[in-house]
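One structure is given below, encoded as structure tokens.
The values are calculated or read from the model by the stated rules, or taken from the named source; none is laboratory data. The structure displayed is predicted, hence computed values, not measured ones. Heads up, the Cβs are rebuilt from the backbone with ideal geometry, glycines too, and the neighbour counts pull from every protein chain shown.
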Amino acid sequence: MFLIGIISEALLYLCFALLIGSFLLYLVPSSYRPDINVTKGYLMMAIGGIAIFSFIPVLQLILYLYEDIGFAQTLQSVLFTFEVGKAWVFTYIFSNLLFILVVWFDYRKRALYSYIGIIFTLILILALGWSSHASSYDQVKGFLNQSAHFTAVSVWTGILIVVSWFSKNHSNWLNFLKWFTPVAIVCFASTIVTGLILMTFVVEFKDYPNSWMIPYGQALLFKHILIIPLLVYAVINSILMKRKLEKDINFNPKPWARVESIVILLIFSATAALGQQSPPHETTVTSEVVSKLFTMFYQGQFQPEMTVRLVLNSTSMTLILLALLFLVLTIFSFIKKAPAVVSFFMCILLVLCVYLSLILGLQ
């Protein structure tokens, strides 16, 4: 059920991104974006995915509790008394309304239907924020920050995913970059600010290295490290891509945008893994709960309830230099017109080097 939870949550994020990205792009004049074709079938699957994948946490809770009072009574209790259950009922109702909208009306031809689609999608995002862990820690602050965080992520990644996988060509890409680059910068800044606030709910900054001893901290660390290649591709697909297209209008930017979207999917997966783990302030570090990845690479002797601190040594510094080398090679591969997949492997090596440098620097 753990793996199912990770996969379903990552797909849930993807469904939201596909919906809001599609509706937003169909509001943009055709001269300011590539020709895209997101059929009703894809959006219907995305809406169905939201209704199904958002039910998985509810199902996990039901399976955890049902042995005491029976499945039917537990189902009723969870759906109508637990916040996560009530949020799902709300999500299911609005998912059906959005599904009907997509089936009956053509959002590709009338902007009004795209506007309505965006409103319904934002309502669904609010429902997700309502049922989030952050909202359970602080009902108002958690709800607002989680909703703002996920909205910014969905807008940025949704537009990128749609243009990279559903565009029929790369015409008007320069015009697309003129407005998408500032939108992406604003969304990224909002994501960082709200993400840091959300992080304070589960771990204090001074205790961040200590969290790496448990699975939650490992997932959080990978999520943060993956932001590095994401920023690299953001620079490539905005600044460097603009210069490349100004010199060579026939250059195809789609493979590079697709690689960036794959990095985003990896971040979605790391975020989904966080939702399946107990946060640091609810976890006592013991031999049973310590991360296997941590014990595999940690150079010292693990002791239950111990604390660690980050002290970069010669090995860590060497790995950081290697990571910088792979970062440069990623950009260099774009400049030299190497296949985008080559740069992706460079980014994977970058992530591994940064991860190992941090874990090997713990004392």
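Tabulated data
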{"quantity": "Restricting region 345-361 to residues that are in contact with a Phe, Trp or Tyr (Cβ under 6 Å, 6 or more places away or on another chain) and in contact (Cβ under 8 Å) with a residue 40 or more places away in the chain, the residue that is nearest to Y233 (Cα to Cα)", "calculated": "L350"}
{"quantity": "Hits in region 195-234 (condition: of a type in the set (G, A, S) and within 17 Å of L327 (Cα to Cα))", "calculated": "A234"}
{"quantity": "Single match in L63, L43 (criterion: farther than 25 Å from F201 by Cβ, buried (at least 21 other Cβ atoms within 10 Å of the Cβ) and either of a type in the set (A, V, I, L, M, F, W, C) or more than 26 Å from the chain's Cα centre (by Cα) (or both))", "calculated": "L43"}
{"quantity": "In region 297-333, the residues that are of a type in the set (F, W, Y) and either over 18 Å from L362 (Cβ atoms) or touching a Ser or Thr at 6+ places or on another chain (Cβ under 6 Å) (or both)", "calculated": "F302, F326, F332"}
{"quantity": "Exclusive hit being at pLDDT below 90, under 21 Å from the mean Cα position of the chain (by Cα) and of a type in the set (A, V, I, L, M, F, W, C), set L274, L362", "calculated": "L274"}
{"quantity": "Test: residue in region 35-42 that is in contact with a Gly (Cβ under 8 Å, 6 or more places away or on another chain) and either outside any loop (DSSP other than H, G, I, E, B) or touching a residue at least 12 places away in the same chain (Cβ under 8 Å) (or both)", "calculated": "no"}
{"quantity": "The one condition in (1) within 19 Å of V28 (Cβ to Cβ); (2) crowded, with 16+ Cβ neighbours inside 10 Å that A270 fails to fulfil", "calculated": "(1)"}
{"quantity": "In region 330-350, the residues that are surrounded by fewer than 20 Cβ atoms within 10 Å (Cβ to Cβ) and either part of a loop (DSSP other than H, G, I, E, B) or within 25 Å of the chain's Cα centre (by Cα) (or both)", "calculated": "I331, K336, K337, A338, P339, V341, V342, F345, I348, L349"}
{"quantity": "Members of region 130-147 found to be in contact (Cβ under 8 Å) with a residue 60 or more places away in the chain and not small (G, A, S), listed by number", "calculated": "H133, Y137, D138"}
{"quantity": "Set L174, L198: member being assigned to a helix (DSSP H, G or I), buried (at least 18 other Cβ atoms within 10 Å of the Cβ) and touching a residue at least 40 places away in the same chain (Cβ under 8 Å)", "calculated": "L198"}
{"quantity": "Candidate set from region 21-35 (those that are among the hydrophobic types (A, V, I, L, M, F, W, C) and more than 16 Å from T157 (Cβ to Cβ)); member that is surrounded by the most Cβ atoms within 10 Å (Cβ to Cβ)", "calculated": "V28"}
{"quantity": "From A189, A127, residue being free of Cβ contacts under 8 Å to residues at least 12 places away in the same chain and either touching a Cys at 6+ places or on another chain (Cβ under 6 Å) or of a type in the set (G, A, S) (or both)", "calculated": "A189"}
